[in-house]
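Colleague: To start, I am sharing the structure in question, which I have written as structure tokens.
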Amino acid sequence: MIFDSAGTIYILLSSYREPPPPPSPKLVFDDTPIVFPLLRAGEPPLEPHILVLGNTGRTDLFFDVEGFTLSGRDADDFGFSEQPSRARIPPGATREIQVAFLPKSRGNKEAALRIHTNDPANPSQSVWVSGIYEAPDPHISPGVLYVSPDGDNFSGNSWEEAFHTIGSALETSVPGDRIWVQEGEYIERIELKSEIGIYGGFEGTEYEPEFQTRDWTNHPTIINGNTDHHSDTTVKASNVLNATLDGFVITGGQSRLGGGILAETSEISIRNCGIKGNRAPKYSIYSYCVGKYCHSKSGMGAGVGVSIVNCSFVSVVSCFFHENEG
């Protein structure tokens, strides 16, 4: 109160104001649910989703010890293409993280991605992620698996859903399976498996009753082991029993033993095959040549094409060897 000379009383009133909050960071990002497109077995991985994190606050944004976490029923089916950096984000700056869909099994997948920071208003923020993975039923009973240069690697149960490589079919195969391979060139190296028959020479329209109509002469099926210009033996068999390779041209192999085919401690049958254009040094240990043609530039015979080491039984029927070098 204040009194003046006339005795007037003045009362001064003032209002209380809250002090301004201290400067702080503020995390911002698009929290619209992340929905990955449909992924089918055999297709290449999906591109990661780019999530942009920003700091619209006035001080540096830091991530706590948890950083980025995935939670929920299907958390293991999602991840990051690169481990997200937990380095600070200065005011006005942004950072990208790459969220990936990495399904372990088929079905609808969903999880919550949580981001833990020092934002005092929202220390833990989340965004929902989901995706669908289609895969065939597990292959448990022997039958026919199909391979085509145009295959999508889905189930291998038909030409329409054929595997793209012979190796993919072998990975899925169970004892007793037969692998039918459509004409064309397959740039890969394969390892035979016990109780599995691999047959080339198919046009790509045949089904079970038409096995005898395949024609490996007019529908050549080539296995070329020169992958990315790095050669090894094109076809290997190690400790394999009762395997068949029938109706192929084996080429592009280069190895110390048997550039085209190397069989070790195995019982296999090689039929109606051409072994050509393979290389091995002249000290190949064993060579074996059966058929109408046997041409080799190796100092020790056709070992550049086929090496047979400590095998109890190997049958080579109606095959030709041509232009193998050592």
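None of the figures in this text is laboratory data; all of them are computed from the coordinates on show. Being a predicted model, the structure only gives us computed values, none of them experimental. Cβ atoms come from the backbone with ideal geometry, glycine included; neighbour counts cover every protein chain shown.
Colleague: Label point 7 Å out from S105 along Cα-to-Cβ: which residues of segment 30-45 have amide N under 19 Å?
Modeller: 39-42
Colleague: Separate question: Over all directions, the average projected area of the alpha-carbon convex hull for segment 27-134 comes to how many nm²?
Modeller: Mean projected area for segment 27-134: 6.6 nm², to one decimal.
Colleague: Based on the mean of other beta carbon atoms within 10 Å per residue, what is the order of 109-119, 218-228, 90-100, most packed first?
Modeller: 109-119, 218-228, 90-100
Colleague: Next up: Label points 7 Å out from Cα along the Cβ direction at N122 and F62: separation in nm?
Modeller: Label at N122, label at F62, 2.2 nm between them.
Colleague: So if R0 is 22 Å, what FRET efficiency would S194 and S158 give, r being the distance between their Cβ atoms, rounded to the nearest 0.05?
Modeller: 0.30
Colleague: Per-residue HN-Hα couplings for segment 75-81, Karplus 6.51 cos²θ - 1.76 cosθ + 1.60 at θ = phi - 60°, whole Hz, x for Gly and Pro?
Modeller: With coefficients 6.51, -1.76 and 1.60, one gets 4, 6, 8, 10, x, 10, 5 Hz.
Colleague: For I187, I261, I89, what's the fewest-to-most ordering of other Cβ within 10 Å of each Cβ?
Modeller: I187, I89, I261
Colleague: Add +1 for every Lys or Arg and -1 for every Asp or Glu among the other residues with Cβ under 12 Å from the Cβ of T244, and state the total.
Modeller: -1
Colleague: Packing-wise, with mean Cβ within 10 Å as the measure, how do 137-143, 102-108 rank, highest first?
Modeller: Descending packing order for the listed peptides: 102-108, 137-143.
Colleague: May I pose another question? Mind checking the full-extension length gain between E264 and E208? Use 0.36 nm per residue of separation minus the Cα-Cα distance, one decimal, nm.
Modeller: 17.0 nm
Colleague: Here's a follow-up. Out of P48, Q83, V65, whose Cα points farthest toward the positive end of the dipole of segment 43-104 (charges: +1 Lys, Arg; -1 Asp, Glu; placed on Cβ)?
Modeller: The Cα lying farthest towards the positive end belongs to V65.
Colleague: Give, in nm to one decimal, the length gained when the segment between A87 and I140 is fully stretched (0.36 nm per residue of separation minus the Cα-Cα distance).
Modeller: Gain on stretching A87 to I140: 14.3 nm.
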